[in-house]
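Below is one structure, written out as structure tokens; the observations come after it.
Quick note: the coordinates plus some simple rules give every number you see, no bench work behind them. Keep in mind the model is a prediction, meaning the values are calculated, not measured. Cβ sites come from the backbone with ideal geometry, for glycine too, and all protein chains shown count toward neighbours.
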């Protein structure tokens, strides 16, 4: 019985359509697994038992004196660098997973020198390799992942990614600020639009002004926050919401001043 032309008919089919996409995805994952995943192991338990702040990008940041945060371990998200011209945060880590933000911020991420965690898929070929840049393999399978050397969940908000990183690092208490959880937008969640006029959803008017952005998924974010809260509490860790006037109703709320008193400064 003769084989189909070329004797590799099956292989040729495998390289087309959905199968071809799966092959590309598998190759991309293997590249990440070999080159970037081992670099993440050094963060395992690095801050065991310590406290940190995660800074969202909400306009409430403009109502706070952020200078005291320089004394604490801090995670900044996405375009937090737009704050640096008016406050020295001495930021510990930066996290960004959204493809549009990474493309718009590639030069800053390369230049800043802050340990920065980026989505590998979104940053490949966009942000050059630097010693301070680390690549995460992110996906949208909803769960809370405690091992950065494996794929983790984006969870509809970069804050959720930061919470998983903080967990992997061993932080015992996390204090959220600037997570307003409130957006003035019109359209479907994740829809890409060009932001017209000054950005009122973030702490800086130029955050997305005249640029593409994806509409927030408020409900999807809440699902992720509940997952994070469950996993932290199960491990006798805590997440507090110290956002000024924030609309999120998942974590215990405390004032920003209370958070500064409770949190142990970095050593």
* Asked: Quick check: is even one residue across region 131-138 farther than 20 Å from residue 54 by Cβ and part of a loop (DSSP other than H, G, I, E, B)?
  -> yes
* Structure fact -> Of all helices (runs of 4 or more DSSP H) fully inside region 81-125, the set with 2 or more residues that are more than 20 Å from residue 137 (Cβ to Cβ) and without any contact (Cβ under 8 Å) to a residue 60 or more places away in the chain is 106-112
* Structure fact -> Residue hits (region 143-158; assigned to a loop (DSSP other than H, G, I, E, B), out of contact with any strand residue (DSSP E or B) (no Cβ under 6 Å at 6 or more places or on another chain) and surrounded by fewer than 21 Cβ atoms within 10 Å (Cβ to Cβ)) are 144, 146, 147, 149, 150
* So, of the residues in region 23-51 that are touching a helix residue (DSSP H, G or I) at 6+ places or on another chain (Cβ under 9 Å) and farther than 26 Å from residue 129 by Cβ, which turns out to be surrounded by the most Cβ atoms within 10 Å (Cβ to Cβ)? -> 51
* Asked: Which residues, counting only those in region 248-265, are in contact with a helix residue (DSSP H, G or I) (Cβ under 9 Å, 6 or more places away or on another chain), more than 18 Å from residue 65 (Cβ to Cβ) and surrounded by 13 or more Cβ atoms within 10 Å (Cβ to Cβ)?
  -> 248, 250, 251
* Filtered residues of region 128-142 (kept if closer than 19 Å to residue 34 by Cβ and in contact with a strand residue (DSSP E or B) (Cβ under 8 Å, 6 or more places away or on another chain)) -> 133, 134, 135, 136, 137, 138, 139
